[in-house]
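The values are calculated or read from the model by the stated rules, or taken from the named source; none is laboratory data. What you see is a predicted model, and the numbers here were worked out from it, not measured in a lab. Ideal geometry is used to build each Cβ from the backbone, glycine not excepted, and the neighbour counts take in all protein chains shown. We work out accessible area using only protein heavy atoms, side chains counted, and drop any ligands, DNA or RNA first. Shrake-Rupley method; radii C 1.70, N 1.55, O 1.52, S 1.80 Å.
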Amino acid sequence: MPRPIQALIHHDALRNNLAQARMHAGARRVWAVVKADAYGHGVERVLPALDAADGLALLDLAEAERARAAGWRKPILLLEGFFEARDLELIDRLSLDTVVHDDSQIALLAAHRASGPIAVHLKVNTGMNRLGFPLPRFAGALAKLQAIPHVQVSTATMHFANADATDDGGPAGVAAQMRAFDRALVSWAGLRSMANSAALFMQPQVGGDWVRPGIALYGGTPCAGRPAVGFGLRPAMTLRSTLIAVQKLERGDCVGYGSRWRATQPCRVGVVACGYADGYPRVAPEGTPVAVDGHIVPLAGRVSMDMITVDLSGAPDAIVGSTVELWGEQVSIDTVAELSGTVGYELMCALAPRVPVEVID
Ligand SMILES: *Cc1c(COP(=O)(O)O)cnc(C)c1O
């Protein structure tokens, strides 16, 4: 028998979240971002529920291969482009769209013998200062690409640094990045792709022809501090387990490594089969909510490798075998993340391979 821990992937939530993204997208087409193994949900597991998307965006060639093998026929976009010459053979064979963000990639494209046209998305650095050509070099890069017979530049693209924040008027604010993009693209008549989840849900003035939501599809909030439910989003992942032991403590008794948590009155402590080796954050502080049989109870004591402990005072009927939700509908992954000083993205992506996953269609 496996340990009772399990992750559930909910197709209805993915479909709902894609529909919400579409509603915000209006006439714009949607790249469903499935990088990092679909933010930890599993590329093959999410594809059936994302079939209404117009394309997939990811950055690992192996994941592109898996998506094609799973039967995805619509476009697939490589968000970081390619890394070496032989990647171009795969781009050819799988007919992938690719970002080009650097001169080295243009040189590789020029040297490549392609069997058909390669769709290129030319990336502009509008202030994030991570990937992309600086504004003054956009036109030159475009001209070089257009001179390669087997290249078809389809889209100009950029990425926002602060789409979930109030614009401070600085060089990486949404308005400044949009102005920079427009300046670089004065003589560009092709397609544009700008918005991630935050820009899609929070910045209606950001236009373009394609949008690229990721976190929102999985039910994570597109804006830190604002609950995902408020955006009509539902969690695509539930992490659940059970109580495997219950301890009765007297006042003054401690629990776990370092004896950090001490009972201030006689109480019961539940032991959950879930620890940091399953992907639960070790830094989660005491008080982090955990749902036991539908009651929210606080984490008590340090998270260990295979177990966490919770104060069962708020769940008096809980017994060994009681169901526990670490995150999902009852406990938002964003809440656990925020208390742990991180974002829902990281927790989803860190779901450990040892956790059995079940897809709920
Ligand atoms: C990851 C990524 C996205 C999706 O971002 P979310 O915040 O998850 O919506 C969009 N565009 C690019 C270029 C990305 O790397």
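Basic side chains Lys and Arg get +1 at the Cβ, acidic Asp and Glu get -1 at the Cβ, and with that the dipole of the range 272-357 about its Cα centre reaches some 280 debye. Apolar share of the accessible surface for the range 269-339: 56 percent from carbon plus sulfur atoms, 1.4 Å probe. State the Cα centre-to-centre distance between the range 169-225 and the range 301-347 in whole Å. Cα centroid of the range 169-225 versus Cα centroid of the range 301-347: 34 Å apart. Here the ratio of the Cα radius of gyration of the chain to 2.2 N^0.38 Å is 1.13. Restricting to lysines 8 or more places apart or on different chains, can you count the pairs in the chain with Cα atoms under 27 Å from each other? Here the count comes out as 4.
On a per residue basis, the chain carries 44 Å² of accessible surface, using protein heavy atoms and a 1.4 Å probe. In the chain, taking the dipole from charged Cβ atoms about the Cα centre, the farthest positive-side position among 33, 76, 99 is held by 99.
Across the range 144-153, rounded Karplus estimates of 3J(HN,Hα) from the backbone phi angles (6.51 cos²θ - 1.76 cosθ + 1.60, θ = phi - 60°) give 4, 5, 5, 7, 8, x, 8, 10, 10, 7 Hz, Gly and Pro being marked x. Farthest towards the positive end of the charge dipole of the range 237-360, among the residues 237, 303, 339, is the Cα of 303, using unit charges on the Cβ of Lys, Arg, Asp and Glu. Averaging Cα coordinates gives a centre for the range 247-298 and one for the range 43-59; these two points are 37 Å apart. Residues whose amide H comes within less than 5 Å of that of residue 274, counting only those at least five positions distant or on another chain, are 307, 308 (H built at 1.01 Å from N in the peptide plane). Scanning residues 5 or more positions from residue 54 or on other chains, those with amide H under 5 Å from its amide H are 30, 32, with H placed 1.01 Å from N in the peptide plane. Each residue of the range 14-29 is assigned a 3J(HN,Hα), and the resulting list reads 4, 5, 4, 5, 5, 5, 4, 4, 4, 4, 5, 6, x, 7, 6, 8 Hz, derived from the Karplus form 6.51 cos²θ - 1.76 cosθ + 1.60 (θ = phi - 60°), x at Gly and Pro.
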